[in-house]
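These notes are about the structure you will find just below.
Laboratory data are not the source of any read-out in this text; all were calculated from the coordinates shown. All of these numbers come straight from a predicted model, not from anything done at the bench. Cβ placement follows ideal geometry from the backbone for every residue including glycine, while neighbour counts extend to all protein chains displayed.
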């Protein structure tokens, strides 16, 4: 967790004071300190690239897989956004939204589905309903077998899956993503009529126009 980061600076200052105080008492402590620093430096260098360790052959997930190949996700989203003319991007999870916002070539604002509940830090920021006009389209990005939230079916005239793919690292699949096209934003004012192509996969959705 990164919420403890502010304490690291103070902790390093206290640690330095502790080391200086005790290493003045004898050379044995100074030697132990240099051994600890050397081992820490070696560990840091070795673990900054774990691709040389055959985790996947032993059936163990590489701990650095979670920080790899995010540019593939962002590049795919950017390409589809241009192809479909999507005006903005919505992601199901705040981690996915943050990754797309950072790695996307245009560094756009990325939103989460709007909700009355406080779910994460995105809940405290303005949502797309405060900025987007009606009839705009969007992309929705989720992971694995997830589907868009019900609120998106009420806010858009049509919701359909347009791409499903895996990010990869050295030929290994890392994370599966699904991208949906959300067409014609109109806000949460109309009752939805949902047509599903197959169970669990909302392929299309249209509002009632009779």
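For a Förster distance of 30 Å, can you work out the FRET efficiency between the beta-carbons of residue 58 and residue 37, rounded to the nearest 0.05?
Plugging the Cβ-Cβ distance into 1/(1 + (r/R0)^6) gives 0.45.
Against the longest alpha carbon principal axis of the chain, how many degrees, from 0 to 90 and to the nearest 10, is the axis of helix 94-103 turned?
Taking Cα atoms only, the helix is inclined about 80 degrees.
Among 11, 85, 38, determine the one that fluctuates most according to a GNM of the chain built with springs between C-alpha atoms less than 10 Å apart.
11
Just to confirm the number: angle between the C-alpha axis of helix 70-84 and the first principal axis of the chain, 0 to 90 degrees, nearest 10?
20
For the range 84-160 and the range 61-83, what is the centre-to-centre distance using only Cα atoms, to the nearest Å?
16
Counting helices only, and only those DSSP H runs with n ≥ 4, report the 222 nm mean residue ellipticity of the chain as the sum of -39,500 (n - 2.57) divided by its residues, in deg cm²/dmol to the nearest 500.
About -11000 deg cm²/dmol.
Below 8 Å, C-alpha to C-alpha, sequence gap of six or more: please give me the relative contact order for the chain in percent.
Once normalised by length, the contact order is 15 percent.
Would you order 112, 132 from fewest to most other beta-carbon atoms within 10 Å of each residue's own beta-carbon?
Fewest-to-most Cβ neighbours within 10 Å comes out as 132, 112.
Can you match Cα extents along the principal axes in Å to one of these, (i) 71, 42, 28; (ii) 41, 39, 36; (iii) 88, 40, 30, based on a calculation from the structure here?
Comparing each candidate, only (iii) matches the computed number.
Can you tell me which of 81, 43, 95 moves the most in a GNM of the chain? Springs connect C-alpha atoms under 10 Å apart.
43
If I fit a long axis through the Cα atoms of helix 5-23 and take the longest principal axis of the Cα atoms of the chain, what angle between them do I get, 0 to 90°, rounded to 10?
Helix 5-23 sits at roughly 10 degrees to that axis.
Given bins 10 angstrom wide, list per bin the percent of all Cα-Cα distances in the range 8-58, short to long.
21, 34, 25, 15, 5
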